[in-house]
Amino acid sequence: MTSEPNPPRTESGPALTGTAALTKPHEIAERALELSRADGTVVIAEERTSANLRWAANALTTNGTTEGRTLTVIALVDGAEGTASGVVSRSAVTAGELEPLVRAAEAAARGSGPAEDARPLITGTAPDPGFTEPPARTSPQVFAELAPALGECFARARDADHLLYGFAVHEMATTYCPPDGTRPCCRRPPWPTC
């Protein structure tokens, strides 16, 4: 897998047209698939949110949320000796960066030898009816019971002359994989991690 840095962004860059309004993860993934010229392509968009609490010396220090999107393009190129693959992932991909990302995966596939474990893409499964649903999100509200309980723990720790340090993280991720004409779309249900 190739992980390339995102190209630098400038405030005075050219205006995006056509795909500039693509903000939903399933739309970005579908557009990347449409741009592909490879013999086979898999596009995976993962939308992730995270909430966290951090504490040190018996006091809450920071808390907040983050969100991000990763787009992975897997290009398959058939050759005389077999199928080669190229995988490129980037985070925070804008509509204007889609085509360069797809072309990078295709170039990686063309520059690779045949994959020993290459198999045909899966076909014949039913489309996921939730494919276009918005991604799951988390918020600091998930710690509504934990934060007050930590306050009680801090008080007991101070009374016992102990110091508590730690953190809590709650993440939600939703994965989108659009259809490519031979296989249906899928949306992996959100899964929390703590």
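The values are calculated or read from the model by the stated rules, or taken from the named source; none is laboratory data. Quick caveat, the model's predicted, so the values are computed rather than measured. In this analysis, Cβ positions are derived from the backbone assuming ideal geometry, glycine residues included, and neighbour counts consider all displayed protein chains.
Only one entry in VAL93, VAL73, VAL88 is part of a loop (DSSP other than H, G, I, E, B) and closer than 26 Å to ALA173 by Cα, namely VAL93.
Note on the stretch 120-155: among residues that are among the β-branched types (Val, Ile, Thr) and over 30 Å from THR41 (Cβ atoms), the one that is surrounded by the most Cβ atoms within 10 Å (Cβ to Cβ) is THR138. Listed conditions (1) touching a helix residue (DSSP H, G or I) at 6+ places or on another chain (Cβ under 7 Å); (2) among the hydrophobic types (A, V, I, L, M, F, W, C); (3) under 17 Å from PRO178 (Cβ atoms) are all met by ALA126, apart from (1). I need the full set of residues from the stretch 77-100 which are surrounded by 20 or more Cβ atoms within 10 Å (Cβ to Cβ), within 15 Å of ALA38 (Cβ to Cβ) and in contact (Cβ under 8 Å) with a residue 60 or more places away in the chain, in order please. Those that are surrounded by 20 or more Cβ atoms within 10 Å (Cβ to Cβ), within 15 Å of ALA38 (Cβ to Cβ) and in contact (Cβ under 8 Å) with a residue 60 or more places away in the chain: GLY86, VAL88, LEU98.
Residues are listed down the side, and each one gets a yes or a no for (1) touching a Cys at 6+ places or on another chain (Cβ under 6 Å); (2) of a type outside the set (Asp, Glu):
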{"site": "THR83", "(1), (2)": "no, yes"}
{"site": "ALA105", "(1), (2)": "no, yes"}
{"site": "ALA118", "(1), (2)": "no, yes"}
{"site": "THR125", "(1), (2)": "no, yes"}
{"site": "PRO129", "(1), (2)": "no, yes"}
{"site": "GLN141", "(1), (2)": "no, yes"}
{"site": "ASP161", "(1), (2)": "no, no"}
{"site": "HIS170", "(1), (2)": "yes, yes"}
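Taken across the stretch 90-105, residues that are more than 29 Å from ARG137 (Cβ to Cβ), under 22 Å from the mean Cα position of the chain (by Cα) and modelled with pLDDT of 95 or more do occur, with at least one present.
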